[in-house]
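Asks: Mind having a look at this structure? Questions to follow.
The values are calculated or read from the model by the stated rules, or taken from the named source; none is laboratory data. Since the model is a prediction, treat every value here as computed from it, not as a measurement. Cβ placement follows ideal geometry from the backbone for every residue including glycine, while neighbour counts extend to all protein chains displayed. Areas reflect the complete protein model, heavy atoms only, side chains present, ligands, DNA and RNA absent. Shrake-Rupley method; radii C 1.70, N 1.55, O 1.52, S 1.80 Å.
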Amino acid sequence: MLVKEYRICMPLTTEEYRIGQLYTISKHSHQESDRGEGVEVMENRAHHDPVHGDGQYTEKRVHLSSKLPSWARAVVPRIFYVCEKAWNYYPYTVTEYTCSFLPKFSIHIETKYSDDCGDDDSIFKTDSKEDDPHEVSFLDIAFDEIPDRYYKSMEDLRHFASSKTGRGPLQEGWRCHTRPVMCSYKLVNVKFEVWGLQTRVEHFVHKVIRDLLLVGHRQAFAWVDEWYGMTMAEVREYEKETQAATNKKIGPVTPTITISTDVQCPAIRSAPATPITGEPPEFLTLPKDRPRKTSAPDTLTLPELRERANGPSNPPPPSNADS
């Protein structure tokens, strides 16, 4: 299991981001969905936890088959999905991802939101246990590089200015002097228990998660003029209407054979579902200069044909039955 902590600051308050998060996820899911592909909402209901209080439970299926690159389609079933289960007790959320055909793969993300610039080093520490050391990465929504396929000029926060809030464009070092400012703290656990591939796959998945977190948070601020001023009731109604439209847009999905275990996985806040594209990671690429095996002859000559070409061979010695 590989654990990393990501800290993503936003030029918003935590209450503003609560609305923006719900709006962004719903809109992005609808945009990325198509017939038989995309984000299918299975359940979205109120939920009460004895520790964290009232919250919202959401279960989704992210159908990805045709959105995968050719190298990935060669090694996965034709139809598969990623299951996302999320428990939202804002400003604390937990989300877990599992895959329909990989029972030993899971992603667990624990998220806490705070009105600061990402300088709280004890936000995930508890009195009951000592947390294992892990890498901490600050993600800058304006100046960190994202893959070219995700870039949109209208979402470039170095140039974007909000007409409703008057915030932006964001300058170098903005998180230290911009107000308001809040931070999403995300403790991400990636587990892939397959011998020989675990380390490489877990590092690769963290790279994908990092890109998706950057894209999702960039969009939440780039779309601020669309959702700013909405109430919680209004954004929940928007979420409900968008989910219904998205499920209708996807249409019926072919049933998938799933493999599951009885082990309950932990959990993350849902990042918008963006298809993974591009070239295969290095560890899945076969070397082009592999030596050819020579254990078998290039051609096979039958004995009868060899005798015709070279004359009859010496007769075998007499057996006991002939003497």
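Asks: Regarding GLN21, is this residue assigned to a helix (DSSP H, G or I) and at pLDDT below 85?
Replies: Spelling it out, it is not the case that GLN21 is assigned to a helix (DSSP H, G or I) and at pLDDT below 85.
Asks: Given the structure, is GLU234 of a type outside the set (Lys, Arg) and open to solvent by 30 Å² or more (accessible area, probe 1.4 Å)?
Replies: It is true that GLU234 is of a type outside the set (Lys, Arg) and open to solvent by 30 Å² or more (accessible area, probe 1.4 Å).
Asks: Going residue by residue through region 134-148, is there one that turns out to be without any contact (Cβ under 8 Å) to a residue 12 or more places away in the chain and open to solvent by 30 Å² or more (accessible area, probe 1.4 Å)?
Replies: Yes - at least one qualifying residue is present in region 134-148.
Asks: Then there is this: Within region 181-197, can you find the residues that are touching a Leu at 6+ places or on another chain (Cβ under 6 Å) and more than 30 Å from CYS99 (Cβ to Cβ)?
Replies: Listed by number, the list holds a single entry, MET182.
Asks: Output the residues belonging to region 11-51 that are among the polar types (S, T, N, Q) and touching a residue at least 60 places away in the same chain (Cβ under 8 Å).
Replies: THR13, THR14, GLN21, THR24, SER26, SER29, SER33, ASN44
Asks: Looking only at region 26-42, count how many residues are open to solvent by 20 Å² or more (accessible area, probe 1.4 Å) and modelled with pLDDT of 90 or more.
Replies: Qualifying residue count for the region: 2.
Asks: Give me the residue from region 168-199 that is surrounded by 15 or more Cβ atoms within 10 Å (Cβ to Cβ) and farther than 29 Å from ARG18 by Cα and, out of that set, nearest to the chain's Cα centre (by Cα).
Replies: By that ranking, first place goes to PHE192.
Asks: Within region 79-93, identify whether any single residue is among the β-branched types (Val, Ile, Thr), crowded, with 18+ Cβ neighbours inside 10 Å and modelled with pLDDT under 90, and answer yes or no.
Replies: Yes, region 79-93 contains at least one residue that is among the β-branched types (Val, Ile, Thr), crowded, with 18+ Cβ neighbours inside 10 Å and modelled with pLDDT under 90.
Asks: Give region 124-144 a look and list any residue that's outside any strand (DSSP E or B) and modelled with pLDDT of 95 or more, or say none.
Replies: ASP140, ILE141, ALA142, PHE143, ASP144
Asks: Only one residue in ARG210, ARG167, ARG236, ARG200 is in contact (Cβ under 8 Å) with a residue 40 or more places away in the chain, within 30 Å of MET1 (Cα to Cα) and touching a helix residue (DSSP H, G or I) at 6+ places or on another chain (Cβ under 8 Å). Which one?
Replies: ARG200
Asks: So, one more: Would you confirm, using the coordinates I've provided, whether SER163 is surrounded by fewer than 16 Cβ atoms within 10 Å (Cβ to Cβ), among the hydroxyl-bearing types (Ser, Thr, Tyr) and at pLDDT 95 or above?
Replies: Yes: the conditions hold for SER163.
Asks: Also, quick follow-up: Considering only residues that are of a type in the set (D, E, K, R), at pLDDT 95 or above and over 17 Å from the mean Cα position of the chain (by Cα), which ones fall in region 202-248?
Replies: Within region 202-248, ASP225, GLU226, GLU234, GLU237 qualify.
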